[in-house]
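All of the numbers you see were taken from the coordinates with simple rules; none came from a lab. Since this is a predicted model, take the numbers as computed values, not measurements. Glycine gets a Cβ as well: all are built from the backbone with ideal geometry, and neighbour counts include every protein chain shown.
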Amino acid sequence: MPPAADGSRVLRPSTLDRLALRCQTARHWPLPTGADSTLPPAAAQALADLLPVLICGEASAERAFEHLLLRLESRVDPSLSAALAGVAADEQRHGDWLDALRAALPAPTSDQPGRRALRFLLGLVCDDPALHLARVAALDAAVCRVLAEVGAAGRPIAAAPALAQVFRDIRRDEGRHVRIARRAALALGLDITVMTRERLAVTAAFAALLSDQAAAFAALGVDPVRLEQRIARPA
């Protein structure tokens, strides 16, 4: 990916077009050019280092909801089944966006964050679909908070409108996913105290996973300590 004259890293227009076309709100996007489509080199590298965790999470959630849908179709009402199918479709779209973004960024400095994220996500899987849904909901809620911090006004991603729109759209979808997953878990009989316990366990493990990326978050203008506190905050 060629640098701009000022040293910023320019996202290829074809990549931005692909992201925009796949976005639910594509009609609201300005197609960025020039300074609107740049990230400072340090921010571009930091985002590249964080993306493996986000991509791994989306891929895992996509498979989880597809699998859960097959198991639950006869156990939940049709409207809830349709909502779960919509979540699976959203997760596939998110994965496409993030894959396209990854192609426009430098290579991660290490493959270890992605490996650790995969181990973490495999640990969320369980035979009880209600429990699995509760864990996915907890993770999606935590991801929403990460995206809110990374894309906040005044930070590098907020200065790149196309990237900021991608993150806002994913955050909006994930907030809806949290509500659907919790509703499905409760419909399957999960006790609210168990859901709370699982939320605390998942958010603590996710915060620990992200703590290894403190330098990348700092390069994106995010205080890692504040981020950990926000992730752990009750939903």
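Some values worked out for this structure:
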| item | result |
| --- | --- |
| Size of electric dipole in segment 125-199: Cβ of Lys, Arg +1 and of Asp, Glu -1, about Cα centre, debye, nearest 20 | 300 |
| Exposure proxy ranking, count of Cβ atoms within 10 Å, fewest first, for 38, 109 | 109, 38 |
| Amide H partners (placed H, <5 Å) of residue 75, local residues excluded | none |
| Extension gain, residue 67 back to residue 111 (0.36 nm per residue minus Cα-Cα distance, nm) | 13.1 nm |
| Phi-based couplings in Hz for segment 93-102 (Karplus 6.51, -1.76, 1.60; Gly and Pro marked x) | 5, 4, x, 5, 4, 5, 4, 5, 5, 4 |
| Residue-by-residue Karplus 3J(HN,Hα) for segment 163-171, coefficients 6.51, -1.76, 1.60, Hz, glycine and proline x | 5, 4, 5, 4, 5, 5, 5, 5, 4 |
| Where a label projected 7 Å from the Cα of residue 75 along Cα→Cβ would reach, residues of segment 194-217 with amide N under 14 Å | none |
| Percentage, to the nearest whole number, of Cα pairs in segment 153-234 over 14 Å apart | 74 |
| Ascending count of other beta-carbon atoms within 10 Å, so fewest first, for 228, 198 | 228, 198 |
| C-alpha center-to-center spacing [segment 99-147, segment 203-235] in angstrom | 14 |
| Phi to ³J(HN,Hα) by Karplus 6.51 cos²θ - 1.76 cosθ + 1.60 over segment 181-192, Hz, x for Gly, Pro | 5, 5, 4, 5, 4, 5, 5, 8, x, 5, 6, 4 |
| Local net charge near residue 182, Cβ-Cβ under 13 Å (Lys/Arg +1, Asp/Glu -1) | +1 |
| Residues 132, 67, sorted so that the one with the fewest Cβ neighbours within 10 Å comes first | 67, 132 |
